[in-house]
Amino acid sequence: MDPITQIIATHKVPVGTWGKLFFDYLTTNFAWFFNGIAQSLTRTLEGAIHLVLAAPPIVVVLSASFFAWYLPRSIKLGLATAVGLLFIINLGFWKETIETLVLVTASTAVSMAIGVPLGIAAAHRPWLFHVLRPILDLMQTMPTFVYLVPVLVLFGLGLAPGIIATMIFAIPAPVRLTHLGITSVPKQMIEAGESFGATKRQLLWKVELPAAMPTIMAGLTQCIMLSLSMVVIAALVGANGLGKPAVRALNSLNIPMGLESGLAIVVLAIILDRVCRFGERRAA
């Protein structure tokens, strides 16, 4: 090893030590705050799961099929949704599917509630987008197992770290696509609105958001798919759902359970993807 490389290697920047000190400070002084968030999230999600599971599965299947038909007015999609959900019931993963749906729905709702306003603000303030861009890059490119460690330290095992890890992974999609949609609105439309005396608020609600809605809906679709792709990772930190039997099958090399849980995840992903894509077309 040459002298310069040796000097660089021997004078290591203690990033890991600084990070540990930071998280030790948080857990020592703000444990009450993180415990409160974890308990609130856990109670809310468990309540939603118990509420859906209280209904007979066939009622939930029929309701989901009606929604899948009503949104795009597609009989094929409604029937395919019913067949897919009945297949999941047949595999014996109905409870896990509901847990996954609640987790995906909650993480998507929070991600969109945070991501869309951030995307709008970044579209109107270029400096904010320049600040957010490296943060979004970090959130999307950092391996999931890396930020699972601090999430576990702060929130413990259970549903709370699962949904928080899922949100970290999914939020960049609505932020980026909302920013893209707002900045892609034709200037002629904005100038026409300004010529009629529209305020900035009116321009946003009556010109920019309607024009950007297809792109925002694409962000919603991406957010749902990214959230669903995290079910196995969320199971590693104690969240229930379809990822739990997949992890159990991996640990025990149980091929039948692995195939069945994987098929259930695929069926659920296809149903959500098709329904959301019809929603995009309707928004367009």
- Report yes if some residue within the range 75-92 is touching a residue at least 60 places away in the same chain (Cβ under 8 Å) and either in contact with a Pro (Cβ under 6 Å, 6 or more places away or on another chain) or under 30 Å from Gly156 (Cα atoms) (or both); otherwise report no. yes
- Looking at (1) more than 16 Å from the chain's Cα centre (by Cα); (2) among the hydrophobic types (A, V, I, L, M, F, W, C); (3) surrounded by fewer than 19 Cβ atoms within 10 Å (Cβ to Cβ), can you tell me which one Ala109 breaks? (1)
- Item | Among (1) under 15 Å from Val153 (Cβ atoms); (2) without any contact (Cβ under 8 Å) to a residue 24 or more places away in the chain - the single one Val15 does not satisfy | (1)
- Query: Out of all the residues in the range 157-199, which are more than 11 Å from the chain's Cα centre (by Cα), within 13 Å of Ala123 (Cα to Cα), assigned to a helix (DSSP H, G or I) and not β-branched (Val, Ile, Thr)?
  - Reply: Arg176, Leu177, His179, Leu180, Gly181
- Item | Matching residues, the range 215-231, being surrounded by 20 or more Cβ atoms within 10 Å (Cβ to Cβ) and small (Gly, Ala, Ser) | Ala218, Gly219, Ser227
- Item | Evaluation of Leu45 against (1) exposed (fewer than 15 other Cβ atoms within 10 Å of the Cβ); (2) in contact with a Leu (Cβ under 7 Å, 6 or more places away or on another chain) (one fails), failing number | (1)
- When only residues in the range 68-90 that are in contact with a Ser or Thr (Cβ under 8 Å, 6 or more places away or on another chain) and open to solvent by less than 30 Å² (accessible area, probe 1.4 Å) count, which is modelled with the lowest pLDDT? Ala68
- Message: Would you confirm, using the coordinates I've provided, whether Gln202 is more than 20 Å from Cys276 (Cβ to Cβ), open to solvent by 10 Å² or more (accessible area, probe 1.4 Å) and either of a type in the set (Val, Ile, Thr) or assigned to a helix (DSSP H, G or I) (or both)?
- Response: yes
- Query: Which of the following residues is under 16 Å from Pro174 (Cα atoms), open to solvent by less than 30 Å² (accessible area, probe 1.4 Å) and not aliphatic (A, V, I, L, M): Phe129, Phe93?
  - Reply: Phe129
- Query: Within the range 232-274, can you find the residues that are within 13 Å of Leu159 (Cα to Cα), open to solvent by 10 Å² or more (accessible area, probe 1.4 Å), assigned to a helix (DSSP H, G or I) and in contact (Cβ under 8 Å) with a residue 60 or more places away in the chain?
  - Reply: Ile233, Ala235, Leu236, Lys244
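Kindly evaluate Ala212 against the criterion of being open to solvent by less than 10 Å² (accessible area, probe 1.4 Å), more than 17 Å from the chain's Cα centre (by Cα) and more than 25 Å from Val146 (Cβ to Cβ).
For Ala212, the condition - open to solvent by less than 10 Å² (accessible area, probe 1.4 Å), more than 17 Å from the chain's Cα centre (by Cα) and more than 25 Å from Val146 (Cβ to Cβ) - is met.
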- What number of residues within the range 119-136 are touching a residue at least 12 places away in the same chain (Cβ under 8 Å) and within 21 Å of Gln222 (Cβ to Cβ)? 7
- Query: So which residues in the range 137-192 are free of Cβ contacts under 8 Å to residues at least 40 places away in the same chain, hydroxyl-bearing (Ser, Thr, Tyr) and open to solvent by 60 Å² or more (accessible area, probe 1.4 Å)?
  - Reply: Thr141, Ser184
- Query: Of all residues in the range 45-64 being small (Gly, Ala, Ser) and more than 23 Å from the chain's Cα centre (by Cα), which is nearest to Arg274 (Cα to Cα)?
  - Reply: Ser63
- Task: List every residue pair whose Cβ atoms lie under 8 Å apart, where the two residues are 6 or more positions apart in sequence or sit on different chains, the first residue falls within the range 22-33 and is open to solvent by less than 60 Å² (accessible area, probe 1.4 Å), and the second residue, located anywhere, is not in a helix (DSSP H, G or I).
- Result: none
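The values are calculated or read from the model by the stated rules, or taken from the named source; none is laboratory data. Being a predicted model, the structure only gives us computed values, none of them experimental. Virtual Cβ from ideal backbone geometry, glycine too; neighbours counted across all protein chains shown. Accessible surface is based on the protein model in full, side chains and every heavy atom, while ligands, DNA and RNA are left aside. Shrake-Rupley method; radii C 1.70, N 1.55, O 1.52, S 1.80 Å.
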